[in-house]
Amino acid sequence: MTKNHVRIEAYGSIDELIAWTGLLMSFPENLRRQKTLAFIQDQLMKCAAALAFPDPSDIKAALLPEPESVSRIEKEIDDMESALKPLKKFIIPGGSQLVSYCNITRCVCRRAERRVVQLNETEKVPGLIMPFLNRLSYYFFVLIRKISSELDIEEVSWTV
């Protein structure tokens with residue numbers, strides 16, 4: 001398998017996402033979110049491990065995202081959104097170093113999701129990997145807004 005094979009691109013993008021999530025954990029502003037971010041990293045490790053198996057029948061259940069992983073991320077999203085103003089415009093990324101890193105993490109997550117969808121076009125991707133990545137990119141978007149709110153950073157709306 002070549003280094004640019006769609007499978008390696010998929011789990012390589014997830015590996016990068018794991019690293020960016022680790023960076024987010026290192027910020028003191030995320031101290032109360034460290035358990036959630038560690039859970040996310042664990043689920044992503046499972047996603048990457050599962051994608052490394054060309055034959056889905058070889059994948060052990062322990063290497064798949066936990067069945068409640070998507071609902072847990074959705075609960076985190078709901079909890080954060082409940083304290084935020086409704087969004088009516090697109091937001092320009094930036095505001096602080098942490099918020100910018102969250103934006104990069106969100107973008108890496110979206111790329112990882114695209115790579116996994118691409119892999120799924122030719123080979124069946126197991127379990128909850130695609131729904132988990134889909135909800136996770138939205139989690140990072142809401143995290144951006146939550147951190148901006150906590151740090152009293154004004155969101156800059158994109159206007160045309």
- Message: Give me the percent relative contact order of the range 6-157, please, defined on Cα pairs under 8 angstrom at least 6 residues apart.
- Response: 33
- Residue order, fewest to most beta carbons within 10 Å, for VAL6, VAL99: VAL6, VAL99
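Do any GluC sites (Glu not before Pro) in the range 66-143 lie in a loop, going by DSSP, with at most 16 other beta-carbon atoms within 10 Å of their beta carbon, and if so which?
Working: sites: GLU68, GLU74, GLU76, GLU81, GLU113, GLU121, GLU123; in loops: GLU68, GLU121, GLU123.
Here the sparse-neighbourhood loop sites are GLU68, GLU121, GLU123.
Count charges around SER82 for me, please; just the other residues with Cβ under 15 Å from its Cβ, Lys/Arg as +1, Asp/Glu as -1. Don't jump to the answer; show the numbers that get you there.
Values: positive: LYS75, LYS85, ARG145, LYS146; negative: GLU74, GLU76, ASP78, ASP79, GLU81, GLU150.
The answer is -2.
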- Item | Angle between the chain longest axis and helix 69-81 axis [Cα atoms, degrees, rounded to 10] | 10
- With point charges of +1 on the Cβ of Lys and Arg and -1 on the Cβ of Asp and Glu, referenced to the Cα centre of the range 6-157, which listed residue (PHE140, ILE18, VAL156) lies farthest in the positive direction of the dipole? VAL156
- Angle, helix 97-120 long axis vs. longest principal axis of the chain, Cα atoms, 0 to 90°, nearest 10? 30
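Work out, in µm²/s and without decimals, the Stokes-Einstein translational diffusion coefficient of the range 1-109 at 10 °C, 1.306 mPa s, Rh from Kirkwood over C-alpha pairs. Don't jump to the answer; show the numbers that get you there.
Values: Rh = 15.7 Å.
Roughly 101 µm²/s, to the nearest whole number.
What does the charge count around ILE40 come to, taking other residues whose C-beta lies under 12 Å from its C-beta (Lys +1, Arg +1, Asp -1, Glu -1)? Could the numbers behind the result be given before it?
Numbers: positive: ARG33, LYS35, LYS46, ARG72, ARG135; negative: ASP42, GLU66, GLU76.
Result for the local shell: +2.
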- Take the chain, connect every pair of alpha-carbon atoms lying under 10 Å apart with a spring to form a Gaussian network, then pick out the residue of ALA83, ALA112, ALA52 with the largest mean-square fluctuation. ALA83
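What size of dipole, in debye to the nearest 20, comes out for the chain about its Cα centre when the only charges are +1 on Lys and Arg C-beta atoms and -1 on Asp and Glu C-beta atoms? Don't skip to the answer; put the middle values down first.
Numbers: 21 positive and 21 negative charges, 42 e Å.
Roughly 200 debye, rounded to the nearest 20.
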- Note on the structure: Total charge of the residues flanking ASN30 in space, meaning their Cβ is under 13 Å from its Cβ, with Lys and Arg +1 and Asp and Glu -1, is +1
- Using 0.36 nm per residue of separation minus the Cα-Cα distance, give me the extension gain between SER82 and GLU150 in nm, one decimal. 23.1 nm
- Message: Under a crude label model (7 Å from the Cα following the beta-carbon direction), how far is LYS89 from ASN4 in nanometres?
- Response: 4.0
- Once you put a point 7 Å from the Cα of ALA19 and another 7 Å from the Cα of LYS124, both along the Cβ direction, what distance in nm separates them? 3.3
- Query: Angle, helix 34-51 long axis vs. longest principal axis of the chain, Cα atoms, 0 to 90°, nearest 10?
  - Reply: 30
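Every number in this text was worked out from the coordinates using simple rules, so none of it is lab data. If you're wondering where the values come from, they're calculated on a predicted model, not measured in any experiment. A quick note on method: Cβ atoms are made from the backbone with ideal geometry, for glycine too, and the neighbour counts reach across all protein chains shown.
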